[in-house]
1. Note the full-extension length gain between E51 and E67 as 0.36 nm times their separation in residues minus their Cα-Cα distance, in nm to one decimal.
2. Which far-off residues, 5 or more places away or on another chain, put their amide H under 5 Å from the one on F87, with H placed in the peptide plane?
3. Please list the non-local residues whose amide H lies under 5 Å from the amide H of G35, H modeled 1.01 Å from N, same-chain partners needing a gap of 5 or more.
4. Search the structure for amide H atoms under 5 Å from the amide H of A78, placed 1.01 Å from N in the peptide plane, and list their residues when 5 or more places away or on another chain.
Amino acid sequence: MSCCVACDTVTDCVAHSINLLWYHFYTCRVLLYNGEFDLNCNFVGTQHTLEQTLWGPGGDLQWQQAERALWMVDGDAAGQHFQLGNFSFLIVK
């Protein structure tokens with residue numbers, strides 16, 4: 001774990017994680033994932049956050065044009081994969 005991440009996650013205060021995501025977006029590969037049928041933390045909320053917060057107003061066009069593909073496991077479709085630069089989002093069936 002990098003020093004930056006360790007320092008940011010050790011503190012005892014609530015903070016928004018988007019700034020950490022931006023830092024990692026440019027320095028390493030990032031994967032966020034949700035289950036297709038997760039009730040508490042579902043993929044619809046994650047997609048909305050990515051479209052509205054990560055890229056800002058109008059930036060969702062960049063996300064809409066991101067590379068999309070089926071995620072395959074042993075020849076079977078196991079989810080959907082979205083990729084933009086170092087950032088990946090996976091919806092697991």
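Quick note: the coordinates plus some simple rules give every number you see, no bench work behind them. Model, not experiment: these values are computed from the prediction.
1. On the way: separation 16, 0.36 × 16 = 5.76 nm, distance 1.45 nm.
Stretched out fully, the E51 to E67 stretch lengthens by 4.3 nm.
2. Residues meeting the criterion, in which the H sits 1.01 Å from N, are V30.
3. Amide H neighbours of G35, under 5 Å, 5+ apart: V92.
4. W71, M72, V73
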